[in-house]
Amino acid sequence: MDDVHIRWVEKVQLKDPVLVEGLPGVGNVGKLAADYLRDKLEAKPLATIYSKFFPPQVYVSEEGLTRLVSNELSYRRAVGPKERDLLILNGDYQGITPEGQYELTERILSVAHSLGSKEVYTLAGFAQGRVVDTPRVLGAATSPERVEAMKKFGVVFSRNDPGGGLIGASGLFLGLGRLYDMHGVCLMGETSGYFVDPRSAEAVLKVLARILEVTIDFSDLEAKAKEIDRIAQKIHEAEAHPPESPSPASRDDLGYIG
């Protein structure tokens, strides 16, 4: 097996497609957003990407069937007059080594470039270390013109955030993309970083939908966000009111539990 193996589902011709990347990361914000975009726009499978740079793992379904971990590239042709063709990258993992990150990103960019892509949007989470009720969407871009264009959609460009730069696929697709003359933007939803965050994913996806001028029903994502809110509230209440320690007698009574 090659380091990166691409299995094509079909060959297509696209017109100036926009590449959207959303792989697992902080709060799974990017993955949730990209998965939702793919499903709601009914994007079609284009290629499956296998690699030695993914964990040595297969998933097992409820029916007992195995599937090698992978990334998936899907496409969606423009429908409305203002829409554009899309390439959407989803997947189970990012590369688990620096070498793997570079190799996988370069191969996928090469594929996108061969299909005519000149623009990439990467989706990610930005951990704040606290619960964020109304997440902002932070940005990083490859040119001053892109920065100004994104500000019109409410994207925040902060002097200090992200302070340490972009790590992983969300950054590499922008950096290596310049080698293919591709410009791009990273859209980062604020998140606590403690758990999967559909509310942050929704904030990111709403901005992206406006940029791409596509219409998406967000009701399912909003329902997931409310469920996470309920779980977070229970955790908060438990932390605020910890159970009292059992009396010595009670501990004796429970001594048989191993």
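The values are calculated or read from the model by the stated rules, or taken from the named source; none is laboratory data. Bear in mind that the values here come from a model prediction, so they are computed numbers and not experimental data. Because the Cβ atoms are built from the backbone with ideal geometry, glycine has one as well, and the counts that use them run over all protein chains shown.
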*the range 212-231, residues that are assigned to a helix (DSSP H, G or I) and polar (S, T, N, Q)*: SER219
*Does GLU148 satisfy the condition of being touching a strand residue (DSSP E or B) at 6+ places or on another chain (Cβ under 8 Å) and among the acidic types (Asp, Glu)?*
no
*Of the numbered conditions (1) farther than 28 Å from ALA232 by Cα; (2) of a type in the set (Asp, Glu); (3) in contact (Cβ under 8 Å) with a residue 60 or more places away in the chain, ASP92 satisfies every one except a single condition; which is it?*
(1)
*Please give the number of the condition LYS152 fails out of (1) crowded, with 22+ Cβ neighbours inside 10 Å; (2) farther than 20 Å from ILE6 by Cβ.*
(1)
*asked:* Considering only residues that are touching a residue at least 40 places away in the same chain (Cβ under 8 Å), part of a helix (DSSP H, G or I) and surrounded by fewer than 18 Cβ atoms within 10 Å (Cβ to Cβ), which ones fall in the range 108-122?
replied: SER110, HIS113
*Neighbours by Cβ (under 7 Å, 6+ apart or cross-chain): first from the range 155-169, closer than 19 Å to GLY129 by Cα; second aromatic (Phe, Trp, Tyr)*: ASP161/PHE126; PRO162/PHE126
*Of the numbered conditions (1) surrounded by fewer than 23 Cβ atoms within 10 Å (Cβ to Cβ); (2) at pLDDT 95 or above; (3) in contact with a helix residue (DSSP H, G or I) (Cβ under 8 Å, 6 or more places away or on another chain); (4) among the aromatic types (Phe, Trp, Tyr), PHE157 fails exactly one; give the number of that condition.*
(2)
*Determine whether the range 50-65 contains at least one residue that is assigned to a strand (DSSP E or B), farther than 28 Å from LYS224 by Cα, modelled with pLDDT of 95 or more and touching a Leu at 6+ places or on another chain (Cβ under 9 Å).*
yes
*In the list GLU83, GLU10, GLU72, GLU99, which residue meets the criterion of being in a loop (DSSP other than H, G, I, E, B) and without any contact (Cβ under 8 Å) to a residue 60 or more places away in the chain?*
GLU10
